[in-house]
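The values are calculated or read from the model by the stated rules, or taken from the named source; none is laboratory data. Since we're looking at a predicted model, the values are computed, not measured. Don't worry about glycine lacking a Cβ; one is built from the backbone with ideal geometry, like all the others, and counts go over all protein chains shown. Only protein heavy atoms, including side chains, enter the accessible area calculation; ligands, DNA and RNA are left aside. Shrake-Rupley method; radii C 1.70, N 1.55, O 1.52, S 1.80 Å.
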Amino acid sequence: MRKWLYPSILFFLLLTVVFMVQALAQEDDFSDEPYDPTQHVNTTLLDSNLFTQPDDKRPYEQGDVNMMDYTPVLENEQLILYVHRETFAIRVLNKETGFIWTTDPFLHQYDDFNLVWLNRMQSPFYFTFLNDKGVSITRSLVDEPLMFRRLEYTVDETQQQVRFTVDLRETKIRLQYSIALRDNQIQFHFTTSNVEEYGHNRLLSITFFPFLGAVKRDEIPGYLFIPSGSGALVRYTHHANIRFPYRVRFYAQDQYYSANTLDLTLNYPVYGFVHGIDQNALFLNIHSGAEYAEFTYLPPDYRTEYHMYYVTYYLREQYMKVIPGSDKSLPVIEDQIKDYDIDVNLTVLSNEEANYVGMANEYKDFLIKHGYLKAYPFNDQIELHLDVFGSDYEQGLFFKKHYEMTTTDQLLKINEILQNRGITDIFYTLRGFNRGGYVEASYRNYRFNKKLGDPEDLKNLNVRYYYNPTTMHSSKSRPPRGTMKRINGQIAYEPIRNGEYYRFYVDIDQIIKEFPKAKKTIADYGGMALDGLSYLFYSNENHKRHEMYEIYHQLIGEPIPMYRPNFVMLPYTNKYLMMPLQHERLQFITDSVPFLPIVLSGYVPYYSSFINFSANMQMDVLRLIDYGANPAFLITYEPSHLLSKTFSNEFYASYFGNLEDFIVENYHYVNEALQFVRGEAIIGREVVQEGVVVVSYRNGVEIIINYTTQDVTYKGITVKALDYAVRK
């Protein structure tokens, strides 16, 4: 080699080393400096859909409703139910306000709808069936020729109930449903076992009252509420931000039937709509049948000029089955109709209760009455949730490089530091403390990694161990033992991280088999904090989806901390972890609201998603006070840039050395507000001007949150910019 090459090579190597050092330093944005939260404040978002906007409280006058073709069939002290004899469309009069809820937009113009939608508007339901040629057809009751449809109803005044029988003799399908009045509620009931198919047609799905509450563009001041994330509103605007349907299953798509891995879900089977804020609202709670139900929102400009929202119930699932020895597939439907009941409570809300807060309190009362929501003790101070990361590895060419991010000794040091700085109420959850590290955690790999210490070292701490039995991860595409096989015969998995890793879904029977052993073993360490199974609700060939309620009850038994638990898991939840602080960032949503925090407030302690991964930390700290949530962080004792090439590289800002001051300062900041309302229920919330929110509690305390960059005055109290004030 020529001598002049040596300096060049040395210079190149030196540059390479410098570049690598700089790259490692940049892999962790917070590895060199502590947090400066002022760098993460963005108040320009206040008019976006990530915050709650001031309400349009213009009085809404419904106008005269032509009731000529409607017959009153039931009446109590609060409501009157009317039925259209020829179509079974219904109308309900709220005696308190004089408002009439209708299943058809009574003020529509003739050119608002084509014939198909006009028929659906007049019909109490439409349905989809498969004919003898395998063609899927959608039809409403009114689409059936008058001479072929036979409609009957009987009234039981003693039970305050009317029973409907519909015989569609051209389609050759007969079904029954009932409606009852109870105080301010309309109770709807439908049993799938009463469906009679006396021809070749096979019923696939049915949608009841698709035009109930429909609003033409912005003609009515009000909004639709959906339980996306913490809660979301869709205000009635002339145009929506989307021109296609929003469809999402309650409790997420069943992994056994579908490979759809979109992360959209509605964890609570409720929705509602307001016609005139603080005037009239209707809140719908699907008490039974939501496990087979799909919520739909249709924006104006999609086929009609109306905001529409309804629920479709699937009686048979349809899926694609791969033809053996071929790359083709064919559609297949289930032979038998699913055997389940549909029960929906439609609660009529009036005046100051006719808003999303009234809906949340109505739902809370329902959950308490039926035993889904139980009160748990609250401390005098808020409780800090620290999710502590143990270990993971980097996949090398020949060997794995393990990174021990937090040991038991190091966790004890963290605890001592925080105790000395005045934080005495700390709840720890430990993830990645299993053998092999976080990437190898699974339904059967949950035993403590003794390389990280001894779990006995932590016996004096309030510690639970993270456990997610629903997924397994691997750098190889070969399915591990226990992977689910879907109904179409395909393995339930998906590539993630651009194909660098694979996520495999665990068969529910494997979870059922292993869970008791996992629960017992983890109990010896301090107990379980459940993820995955807490919100994923799926079946297999041995268990129907509605049968999972009892199975979950047998598995869980006593209440435990859970990550993002759905309605099914709520009775077994004593701490709600990873509470979302906004909706699922969907384009058509106009407001983010704390529906779920209001429901849980005063009963189940709830903890935020990890603040150190927030894009706008200062605003989210204020939102903790707004929502009444305990703060949560995911931390590591070692610098987080060590995880940059591991499966866990998303935990990029977890280094406790940088987080310490931020955690301590903001814990005390939030505690100074929420210590006055520990264990109290939220009973009111109002946006008095853009970026200024007043939250009212049962004990008479009000907290004013100022998200703006200007000082504001409310009822004689001055609230500084980006700050709060407590009004006792």
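Here the dipole of region 295-395 is about 420 debye; that uses its Cα centre as origin and unit charges on the Cβ of Lys and Arg (positive) and Asp and Glu (negative).
Label-to-label distance for residue 352 and residue 485 is 6.1 nm, based on points extended 7 Å past Cα in the beta-carbon direction. Of the residues 626, 620, the one with the largest accessible area comes first in the ranking 620, 626, computed with a 1.4 Å probe on protein heavy atoms. Counting only Cα atoms, region 227-300 measures 43, 30, 19 Å along its principal axes, largest extent leading. Each of 354, 333, 323 was placed along the dipole of region 313-422 (beta-carbon charges, centred on the mean Cα), and the one lying farthest toward the positive end is 323.
Mean residue ellipticity, 222 nm, helices only, the chain: the sum of -39500 (n - 2.57) across DSSP H runs of n ≥ 4, divided by residue count and rounded to 500, is -5500 deg cm²/dmol. Our note on the geometry: Cα centres of region 471-528 and region 194-213, 36 Å apart. Scoring 45-54, 608-617, 152-161 by mean Cβ neighbours within 10 Å over their residues and listing the highest first yields 608-617, 45-54, 152-161. Ranked by the mean number of other Cβ atoms within 10 Å per residue, highest first, peptides 715-722, 472-479 order as 472-479, 715-722. Counting only lysines at least 8 places from residue 715 when in the same chain, those with an alpha carbon closer than 16 Å to its own are 728. Rolling a 1.4 Å probe across all protein chains gives residue 320 an accessible area of roughly 90 Å².
What separates the Cα centres of region 637-715 and region 278-348 is a distance of 37 Å. Legend: residue pairs 450/513; 413/451; 57/95; 451/517, Cα-Cα distance threshold 19 Å; pairs beyond threshold, 450/513; 57/95; 451/517. Note on region 584-728: the alpha carbon radius of gyration divided by the globular reference 2.2 N^0.38 Å gives 1.15. Counted over all Cα-Cα pairs of region 162-270, pairs farther apart than 19 Å make up 66 percent. Extension gain for residue 727-residue 77 works out to 230.1 nm (0.36 nm per residue, less the C-alpha to C-alpha distance).
Region 549-629 gives an Rg/Rh value of 1.02, both radii derived from C-alpha positions and Rh following Kirkwood. Dimensions of region 296-438 along the principal axes, based on C-alpha atoms and rounded to the nearest Å, stand at 63, 60, 36, largest first. With a ≥ b ≥ c taken as the square roots of the eigenvalues of the C-alpha gyration tensor of region 428-480, please select rounded if a/c is under 1.5 and otherwise prolate if a/b is larger than b/c or oblate if it is not? It comes out prolate by the Cα gyration axes. Rg over Rh for region 298-360 works out to 1.21, using Cα positions for both radii and the Kirkwood form for Rh. Debye sum, Cα scatterers, region 617-698, no solvent: what log₁₀ I/I(0) at q = 0.12, 0.23, 0.24, 0.25 1/Å? Log10 I(q)/I(0), no solvent term: -0.49, -1.06, -1.12, -1.18. Charges were assigned to the Cβ only: +1 to each Lys and Arg, -1 to each Asp and Glu. The resulting dipole of region 245-301 about its Cα centre is roughly 40 debye.
Under the criterion of Cα pairs below 8 Å and six or more residues apart, the relative contact order for region 372-462 equals 33 percent.
Once divided by 2.2 N^0.38 Å, the Cα radius of gyration of region 121-161 becomes 1.62.
With a ≥ b ≥ c the root eigenvalues of the C-alpha gyration tensor of region 663-709, is it rounded (a/c under 1.5), prolate (a/b larger than b/c) or oblate? It is oblate, given that a/c is not under 1.5 and a/b is not larger than b/c. Candidates 468, 99, 48 compared by Cα position along the dipole of the chain: farthest toward the positive end lies 468, with charges placed on Cβ. For region 440-599, averaging the sequence separation of C-alpha pairs within contact (under 8 Å, six or more residues apart) and dividing by the residue count gives a relative contact order of 20 percent.
The reciprocal of the average 1/r between distinct C-alpha atoms defines the Kirkwood hydrodynamic radius, which for the chain equals 28.1 Å.
Scaling the Cα radius of gyration of region 448-583 by the globular reference 2.2 N^0.38 Å produces a ratio of 1.14. Here the contact order of the chain, divided by its residue count and restricted to Cα pairs under 8 Å and six or more residues apart, works out to 14 percent. Does region 588-641 come out rounded, prolate or oblate, given a ≥ b ≥ c as the square roots of the eigenvalues of its C-alpha gyration tensor, rounded meaning a/c under 1.5 and, failing that, prolate meaning a/b above b/c? Oblate, because a/c is 1.5 or more while a/b does not exceed b/c. The separation of region 356-420 from region 538-589, counted between C-alpha centres, amounts to 16 Å. Each principal axis of region 577-616 carries a Cα extent, and these read 32, 24, 12 Å when sorted largest first. Could you check the simple spin-label distance between residue 219 and residue 380, using points 7 Å along Cα→Cβ, in nm with one decimal? Going from the residue 219 label point to the residue 380 one covers 5.9 nm. Thinking of region 204-338 as a set of Cα atoms, what percent of all their pairs are more than 22 Å apart? The calculated P(r) of region 204-338 puts 45 percent of pairs beyond 22 Å. In region 36-144 the Cα-Cα distances spread across 5 Å bins starting at 0 as 2, 9, 13, 13, 12, 10, 10, 9, 7, 5, 5, 3, 1, 0 percent of all pairs. Between 449, 147, 265, the Cα set farthest toward the positive side of the dipole of the chain (charges on each charged residue's Cβ, about the Cα centre) is that of 449. Averaged over residues, the count of other Cβ atoms within 10 Å places the peptides 176-186, 367-377 in the sequence 176-186, 367-377, highest first. Charged side chains reduced to their Cβ positions (Lys and Arg at +1, Asp and Glu at -1) give region 392-513 a dipole of some 500 debye around its Cα centre.
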